[in-house]
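The values are calculated or read from the model by the stated rules, or taken from the named source; none is laboratory data. These figures come from a predicted structure and were not determined experimentally. Note: ideal-geometry Cβ built from the backbone for every residue, glycine included; neighbour counts use all protein chains shown. Remember, those area values only see protein heavy atoms, side chains included, never the ligands or the DNA or RNA. Shrake-Rupley method; radii C 1.70, N 1.55, O 1.52, S 1.80 Å.
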Amino acid sequence: MKTTNSNDPSAYLAPGRYVDSDHPAVIAFARRVADPAMTPREIAVKLYYAVRDEFLYDPYYFDTTVEGLKGSHVIEAGRGFCVPKAALLAAAARALGVPARVGYADVRNHLTSKRLYDMMGTDLFVFHGYTELWVDGQWLKATPAFNRSLCEKAGIRPLEFDGSADSVFHEFDVSGRRHMEYVHDRGVYADLPREELLVTWREHYKSFADWGQVAGNGADFEQEVGPGS
């Protein structure tokens, strides 16, 4: 799938295979959280916090099947990593008439857990997912990956989103230690580019084929992280 260069917001309202805004669970979730009669800004903010905090960030729940990467699957599982959580936020926004798209960047996470670092062999997270929402005539980045309880455990400031400015990872944590560094922007897409993601992950992570085994060994990311990690 090619990156779309269209800035026409109407191009980002239709359901996608992964940004599945027509899925009953996505529609029900979106309507529970926000009222379609609200302004796009109010809808975007309410959905952001709901996706951020109602679904745990779990890099070990790494289901890369077609079904596993859909936004609706996060609702079913109650958790997900950054890529499907971003797809869910985009899908819920579209379900309420707010144009949304998914974007990706390579980020260096200086506060990963030892188990996750050993699994990946690096602190570079390739194809980190975020969402862009069309609010008040502009595209705004929103990053719903890390839930509040995880941030508090890790000593990271939770990302806030007020619908007027980008919400991207902090460069430093609450103690002033380096946290996230954006290394490479991979652009925005109307729908999740699964094949491109898989090819890139296989290229960057030699142990990629074994990640499912690590995830299935009872790993609990939120229990692993902490200010001393």
Next item on the list: Considering Cα pairs under 8 angstrom that are at least six residues apart, work out the relative contact order of the stretch 1-157 and quote it in whole percent.
Entry: 27
Next item on the list: Check cross-link reach from K114 to the aspartates and glutamates: straight Cα distance under 13 Å, and skip same-chain residues fewer than eight apart.
Entry: D123, D220, E222, E224
Check: Going highest first, how would you order 73-80, 9-16 by mean Cβ packing within 10 Å?
Finding: 73-80, 9-16
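Just to verify a number: FRET efficiency for E181 and D63, C-beta to C-beta distance, R0 = 25 Å, to 0.05? Don't skip to the end; give the middle numbers.
Values: r = 27 Å, r/R0 = 1.09.
E(calc), rounded to 0.05, equals 0.40.
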Note to self: Under 5 Å between amide hydrogens, which residues at least 5 positions from N147 or on another chain qualify, with H placed 1.01 Å from N in the peptide plane?
What the structure shows: Y57
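For the full complex of protein chains and a 1.4 angstrom probe, list D123, D35 by accessible area with the highest value first. Numbers along the way, then the final one.
Numbers: D123 30, D35 75 Å².
Ranking D123, D35 by accessible area, largest first, yields D35, D123.
Take E152, E160 and sort them by solvent-accessible surface of the protein heavy atoms, 1.4 Å probe, largest at the top. Walk me through the numbers on the way to the answer.
Values: E152 120, E160 90 Å².
Largest accessible area first, the residues go E152, E160.
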Check: For the stretch 23-158, what class follows from the C-alpha gyration tensor (a ≥ b ≥ c being the square roots of its eigenvalues): rounded when a/c is under 1.5, otherwise prolate if a/b is larger than b/c, else oblate?
Finding: prolate
